[in-house]
Amino acid sequence: MTQVAGGVFPDQVEGRIAAAPSSSSTLPSLVVRMLEYLRATEESRVLEIGTGTGYSTALRCHAVGEDVTTVEVDAEVSARAGMALAGAGYWPELVVGDGLAGHKEGGPYGRVIATCGVHTVPYGWVFQDGARWMVRQGGPVRLWDEITERLARWRTDGRPSAGRMRLHVGPGGQNLTWV
């Protein structure tokens, strides 16, 4: 289910909708998988970007308690989600605003999860207080840690040129070295 900004209802549609979507409902099994990857506990403060219907927010509240802040750009969507959440007995902090900016007033957060699409990780999610790196990556593969470690090794080794780099890929994985 997808909403178009300003509200387009089925009886108003004749053919293809040309406007860009502003909100959509995520597949429930994906919501559950994202919650599992979040690895949040009752001690975790969670920032959710994209409240939508409130379904994923309710699951997070059920899993970690009500220390959840959820940011939705559309005031009407946020209001409907707030009513649904209250009806289910959950009272997270609902914020209407640009989720790309995060919500530093409620931070710092131990976990950030986005139910919207982004091309890059926004500054406000990582540097929640504007200065310090506040969030570590999650998920089954810790690519950012690997990149950080390799960058540190490259600097320690005198910043060798790309012409000196060798990548070996084999059954045991990959190994990047300098010659």
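None of the figures in this text is laboratory data; all of them are computed from the coordinates on show. If you're wondering where the values come from, they're calculated on a predicted model, not measured in any experiment. Heads up, the Cβs are rebuilt from the backbone with ideal geometry, glycines too, and the neighbour counts pull from every protein chain shown.
Describe numerically, in nm with one decimal, the distance between label points set 7 Å from Cα along Cα→Cβ at residue 154 and at residue 178.
The modelled label-to-label distance comes out at 1.0 nm.
How do 48-61, 82-95, 28-41 rank on mean C-beta neighbours within 10 Å, highest first?
Packing order, densest peptide first, comes out as 48-61, 82-95, 28-41.
Once both labels are modelled 7 Å past Cα along the beta-carbon direction, what's the residue 37-residue 83 spacing in nm?
3.3
Rounded, prolate or oblate: which fits the stretch 26-126, taking a ≥ b ≥ c as square roots of the Cα gyration tensor eigenvalues, rounded meaning a/c under 1.5, else prolate when a/b beats b/c?
Judged from the Cα gyration tensor, the stretch 26-126 comes out rounded (a/c under 1.5).
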